[in-house]
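Report on the following structure.
The values are calculated or read from the model by the stated rules, or taken from the named source; none is laboratory data. A quick note: this is a predicted structure, and the numbers were derived from the prediction, not measured. Note that we place each Cβ from the backbone using ideal geometry, even for glycine, and neighbour counts take in every protein chain shown.
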Amino acid sequence: MSGLDLLATNLLQPIVLTFVLGAIAGFLKSELELPEAVIKLLSIILLFSIGLTGGREIAQVKFADIADTLGVVLLLTFAIPTLAFLIMRALGRFDAANAGAVAAHYGSVSTATFFASMSFSRAMGTPGEGYITALVAMMEFAVIYSIAMAKFSMGRSGGNFRMLDLFLDTLRGRGILLLSGGMVIGALASEPQWRQIAPFWEGMFRGFLMLFLLEMGMTAARQIRGFAAVAGFMTGFGILFPILCGVVGVSAGWMTGMSLGGAFVLGAICASASFIDAPAACRAALPEANPGITLTASLGVTLPFNLLLGLPLYYQYAVWLFGAGAAG
């Protein structure tokens, strides 16, 4: 399948079209809106569903078989935010607080991009490995590392700020809690027990995802209206940096023996930028940082780019890489 065919396939997926519909509604300032409680519920359902199904897969995998992948992802958990921080400081001339906030957003994972990449890989007939859920949970610790970099660079502790508190808050966050807890429950569930709950957690996943992306489209449109605040540098960064990280992530998956779909999903989560967990942590630990910069870049630039163009780009690269590897 050519790159244009992949692009058309992605753009015509119901989940992507739903995101576009939400963006149109946002641009038109439509009365359409989802209550905050509903949005939180959708996020909980999606995260828990990914954790449960991932746990089913992890139960069938030996640690020795994924040790290399876990090691490489651990390296990426530190490498991606470090590179983002250095780029912000050296090229963007950002202060330490704003550079750390950008690093936290781009080192962490966008749940919307993760959900969409999993759906995309299944639609292409190349589903990713279930243990990718564990990789997502691992990469969330990039937020702690990014804030630590900023604090170290600022040369002060930040008053009452304590790294232990941030670590505990990260563990308490719904992302890690639901993914990790869901994996444990899914791994412990017997086949008869799983069949009883699968119709809800597997069968209705895409429907909930479409509602979630409808809201994400509206939110992205609201952020784009503040586009001037991001400026040209952050716009370029919000597109080029994810492409670089996406290529590195796909390559890492290929080198560690993941399937084509798994390497693609790893590339997608490496290319993503958080707009839920990271902003909350940065508001508490880096109050000096300007949330308008990071949120507009991650939610108004990177998320739409990844959902519309990035996913087929990373998948095309994965297809080429695996094809070249097989030919070699």
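Inside region 210-220, residues that are surrounded by fewer than 22 Cβ atoms within 10 Å (Cβ to Cβ) and either outside any helix (DSSP H, G or I) or modelled with pLDDT under 85 (or both) make up a count of 1. Can you name the residue in region 48-69 that is assigned to a helix (DSSP H, G or I), within 27 Å of residue 251 (Cβ to Cβ) and of a type in the set (A, V, I, L, M, F, W, C) and is also nearest to the chain's Cα centre (by Cα) among such residues? Selected residue: 50. For residue 64, indicate whether it is under 20 Å from residue 302 (Cβ atoms) and of a type in the set (A, V, I, L, M, F, W, C). Judged against the criteria, residue 64 is not a match. Among the conditions (1) at pLDDT below 85; (2) assigned to a helix (DSSP H, G or I); (3) buried (at least 23 other Cβ atoms within 10 Å of the Cβ), the only one that residue 270 does not satisfy is (1).
As for region 188-202, it holds no residue that is of a type in the set (S, T, N, Q), closer than 20 Å to residue 115 by Cα and either at pLDDT below 95 or touching a His at 6+ places or on another chain (Cβ under 8 Å) (or both).
Restricted to region 139-155, and to residues there that are among the aromatic types (Phe, Trp, Tyr) and assigned to a helix (DSSP H, G or I), the residue that is surrounded by the fewest Cβ atoms within 10 Å (Cβ to Cβ) is 152. Pairs meeting the criteria (first residue in region 19-40 and at positive phi, second residue assigned to a loop (DSSP other than H, G, I, E, B), beta carbons under 9 Å, at least 6 apart or on different chains) are lacking.
The condition of being outside any helix (DSSP H, G or I) and either surrounded by fewer than 17 Cβ atoms within 10 Å (Cβ to Cβ) or more than 16 Å from the chain's Cα centre (by Cα) (or both) holds for only one of 207, 257, 232, that being 257.
Of everything in region 110-150, what is of a type in the set (Asp, Glu) and within 22 Å of residue 298 (Cβ to Cβ)? Give them in sequence order. So that I can check it myself, show each step before the final result.
The initial filter retains those residues of region 110-150 that are of a type in the set (Asp, Glu), namely 129, 140.
140 - this is the single residue of region 110-150 that is of a type in the set (Asp, Glu) and within 22 Å of residue 298 (Cβ to Cβ).
Selection over region 290-313 of residues that are surrounded by 21 or more Cβ atoms within 10 Å (Cβ to Cβ), more than 14 Å from the chain's Cα centre (by Cα) and not hydrophobic (A, V, I, L, M, F, W, C) gives a count of 4.
Considering only residues in region 273-295 that are part of a helix (DSSP H, G or I) and either in contact with a Lys or Arg (Cβ under 6 Å, 6 or more places away or on another chain) or not aliphatic (A, V, I, L, M) (or both), the one that is farthest from residue 78 (Cα to Cα) turns out to be 292. Just so you know, in region 21-47 the residues that are more than 16 Å from the chain's Cα centre (by Cα), in a helix (DSSP H, G or I) and of a type outside the set (A, V, I, L, M, F, W, C) include one that is farthest from residue 203 (Cα to Cα), and it is 26. Go through region 70-97 and give me each residue that's outside any helix (DSSP H, G or I) and among the hydrophobic types (A, V, I, L, M, F, W, C). Selection gives 91, 94. Taking the numbered list (1) hydroxyl-bearing (Ser, Thr, Tyr); (2) part of a helix (DSSP H, G or I); (3) under 13 Å from residue 106 (Cβ atoms) in turn, residue 314 passes all entries but (3). In region 171-178, is there at least one residue being in a helix (DSSP H, G or I), touching a Lys or Arg at 6+ places or on another chain (Cβ under 8 Å) and modelled with pLDDT of 70 or more? Taking every residue of region 171-178 in turn, none turns out to be in a helix (DSSP H, G or I), touching a Lys or Arg at 6+ places or on another chain (Cβ under 8 Å) and modelled with pLDDT of 70 or more.
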